[in-house]
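Report on the following structure.
The values are calculated or read from the model by the stated rules, or taken from the named source; none is laboratory data. Every value quoted in this text rests on a predicted model; they were computed, and no experiment measured them. Every residue, glycine among them, receives a Cβ derived from its backbone with ideal geometry; neighbour counts consider all protein chains shown. Just so you know, the surface numbers come from the protein's heavy atoms only, side chains and all, with ligands and any DNA or RNA stripped out. Shrake-Rupley method; radii C 1.70, N 1.55, O 1.52, S 1.80 Å.
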Amino acid sequence: MSTKPEIWQCPQCGEKLDISALGFYAQVDCPACGQSEYVHTMLSNFRVEGVVGIGGMSIVLRARDLVLNRCVAIKVLNDAYRNQPDRISRFENECAMMAKVRHDNVVSVYSAGRARKQFYIVMELVDGCDLDTMVTRDGPLTPEQAIEYTIQIVKGLEAAHHSGLLHRDMKPGNVIITPEGRAKVLDFGLALGQKDEDTEEIIWATPYYVPPETLERKDEDARTDIYALGMTLRYLLTGNETFKESASSVSELLQNKFKLPPFATVLPGTDESLCDLVDHMTAFDPARRPLTYRDLLAELRAVKQAMAESKEEKSPENQRKARRAFVVESAVTAVLGIAALAVGIMLGTPADERELVAVKRGSYTWSSMKTLSEAEAALAQAKYDEAGQKFASLASEDAEPAMAAWASLHAALLAEIKKNTDAREAALEDFRYQLTRKDAVAPAAADLLEQLSHVEKALRGDGSGIEKISNQQVKALASIWLARYLIADSRLDEGRAAIQQAEKASTAAGEPYSVLADEFSRMAMSWAPENYIVLYEQAKDAMLQHNMPEARHKLQELLKERSLSEERANEARVLLEVCEVSTAMFDMLKRRCPRVYTPGCSPDKVAEAAGYLNKGKLADELRVLCLMLATKYREAFDRNPYKDNDTDTEPFAVMVRDWKKRLGR
């Protein structure tokens, strides 16, 4: 049976051509007048608008989804392979596997379909620049940038690995960096399931990055992608992706990889831990590479920390500290501002009189000074158990009140870090008791005790006196306890401001408080373990009012919550997609039905307004979206106009099936 030819007529001169054999978004040149035009620009409900990139086997096109009114990327096989059954089969397999992967560091697959007798994949269109272009344009990345992007890439590859997928073409050109600095892995075109066999006769992966076992046709696993990522890291740091010797055969290429020079010789002066990591990832023998992505992440984070510590050690401030000579260990009291006068008197008093003076001035004995110094040192090294014990030993009933109050407050802070509620409350009770002992305070410490009284107010949510505190250490502690109260009371904006004030004060105070700045932020998450409920409810309120920008903002904040369960995170990601789709729909109703549609009206009212547009199942689709926004998932799926056909390829049908699956309904 013959197929009717598809004829294109030149809009300039009227010349006619048969374009039946041309693929998607093909350029036609009129033989009569030379007029050029792109044809086959429609794929189902997608209008192709340009070419994003061309690979060895496929083409990625930029298109607009005319139903959901959003830009997407569409991947199709090129003309050389689009009619080959084995290529089509691998292409479909790629789509099926990638659809399982949902992660912020992996480009998402939205849907798939067939048009013009060819299979196509609809994917997330990511704005940004790939790493290869970035390095070519701007030069090598800093070690800090390279490590940060590598950590994100590993998270994306690990997510794919959990779905049973190997990338097999990891390279800088397959990672896009968004304007916000997020790395997204794309192009799993050579991907295999972990249990699949590679039957390709041609090795398509880029030579510099391809692992030795791939060249030798040996078994591949996560370490295969880890090698390619290690070579990617080398390129990001050096800007060079060539070997010392050229290779014209697989055996020569293998020799180059076997003789890969240690990274320390390639880029002298690079942090030793970073050099070791690069060499570990690019070991010729897979058995000598990191075994899993989890192991690799641990190494990357350790290197990141080591580089930060090395940089800190070389800072001008720490160089000055290194040169500073401490005559006596108890000089820490000068930093703390605690009883400097008492210490001075003891230093100038004969040995047989020191005990008496110490008692009169408030038990500032050499042993207490030593214990305080040891407690501070342990705190600076994040040895919280040891520091807590030292501070607790200083808070005895007969100790000088300012010293005991100071120690009790630190003991409470450390108990908070360790999430020991009973110990925290006991330490705070001791702290409050010491504040009442003003008659026993040493004269040199009276001002300190007065400033500590503002911390007691902060514990009750009163931060009015914090600005009066001159001691930066006390200000940091007062701010952190105020933040704890405010966040627990769901006063999140005020709580965040208090956290920022604490971080600023702790940085100004120096060690050990500067090392606690990050700890303060981490602790803040535990103070409101139910904080996600507040954000969830705020997002829900915004969705019910059809305030999509606010809803998206709250959902994005919700996804940052460390205490968020995976189930709730999945729901938030689904709702973000619902918000994105709904935004276009509601904007259309505002323009087309301003007298009928009111933001925040019921799902049935929205469907009624959409009915005036006479666009097929649009009214039913909008009802489903509104029910999803109201988190009435069961009703939404029951009212889905495509629910009776599990194979329907309509974009909305595919999308709702995906939401239902991810929500576990």
Note to self: How much accessible area per residue does the stretch 96-173 have, counting only protein heavy atoms and a probe of 1.4 Å, in square angstrom?
What the structure shows: 38 Å²
Check: Tell me, what is the FRET efficiency for A380 and D271 to the nearest 0.05, using R0 = 25 angstrom and their Cβ-Cβ distance as r?
Finding: 0.65
Checklist line | Fraction of accessible area attributable to carbon and sulfur, the stretch 99-148 (%, probe 1.4 Å) | finding: 48 percent
Next item on the list: Can you tell me the FRET efficiency between K504 and K16 if r is taken as the Cβ-Cβ distance and R0 is 56 Å, rounded to the nearest 0.05?
Entry: 0.15
Item checked: FRET efficiency, E550 to K419 (Cβ-Cβ, R0 35 Å, nearest 0.05) -> 0.60
Next item on the list: Extending each Cα 7 Å along its Cβ direction at Q35 and E216, get the distance between those two points in nm, one decimal.
Entry: 6.1 nm
Check: What is the Cα centroid distance between the stretch 582-600 and the stretch 395-464, reported in whole angstrom?
Finding: 58 Å
Next item on the list: Taking the Cα atoms of the stretch 52-173, report the difference between the largest and smallest coordinate on each principal axis, in whole Å and largest first.
Entry: 48, 31, 31
Next item on the list: Can you tell me how much longer the chain between R591 and D489 gets when fully stretched, taken as 0.36 nm per residue apart minus their C-alpha distance, in nm with one decimal?
Entry: 32.6 nm
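Can you tell me the relative contact order of the stretch 7-139? Whole percent, Cα pairs under 8 Å, sequence separation 6 or more.
14 percent
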Notebook entry, point to check: Between the stretch 62-140 and the stretch 539-554, what is the C-alpha centre distance in whole Å?
Noted result: 30 Å
Item checked: Distance from the stretch 218-248 to the stretch 626-664 (C-alpha centre basis), Å -> 43 Å
Notebook entry, point to check: How large is ³J(HN,Hα), in whole Hz, for each residue of the stretch 129-142 in order, when computed from phi with the Karplus curve 6.51 cos²θ - 1.76 cosθ + 1.60 and θ = phi - 60°, using x for Gly and Pro?
Noted result: 10, 6, 4, 4, 5, 4, 5, 4, 7, 10, x, x, 7, 6
Checklist line | Table column - 3J(HN,Hα) (Hz), the stretch 221-235, Karplus curve with 6.51, -1.76, 1.60, x for Gly and Pro | finding: 8, 4, 5, 5, 5, 5, 4, 4, 5, x, 5, 4, 5, 4, 5
Notebook entry, point to check: Hey, if you put +1 on the Cβ of every Lys and Arg and -1 on every Asp and Glu Cβ in the stretch 440-506, which of I499, L482, V441 ends up farthest toward the positive end of that dipole?
Noted result: I499
Check: By what distance, in whole Å, do the Cα atoms of the stretch 552-643 stretch along each of the three principal axes, largest value first?
Finding: 45, 28, 17
Checklist line | Neighbourhood charge, 14 Å Cβ-Cβ cut-off, centred on V48 and excluding it, Lys, Arg +1 and Asp, Glu -1 | finding: +2
Note to self: Taking amide H atoms as placed 1.01 Å from N in the peptide plane, list the residues 5 or more away in sequence, or in a different chain, whose amide H sits under 5 Å from that of L43.
What the structure shows: V48
Check: Applying the Karplus parametrisation 6.51 cos²θ - 1.76 cosθ + 1.60 with θ = phi - 60° to the phi angles of the stretch 268-276, what ³J(HN,Hα) value in whole Hz is obtained for each residue in order, glycine and proline being reported as x?
Finding: x, x, 6, 3, 4, 5, 5, 4, 4
Notebook entry, point to check: All other residues with a Cβ under 9 Å from the Cβ of S479 taken together, and with Lys, Arg as +1 and Asp, Glu as -1, what is their net charge?
Noted result: +1
Notebook entry, point to check: Of the cross-linked pairs K100/K155; K540/K617; K155/K304; K117/K660; K390/K504, which ones have a Cα-Cα span greater than 19 Å in the structure shown?
Noted result: K540/K617; K117/K660; K390/K504
Margin query: With a cap of 14 neighbouring Cβ atoms within 10 Å, and only residues DSSP puts in a loop, list the trypsin sites (Lys or Arg not before Pro) found in the stretch 440-494.
Written below: R460
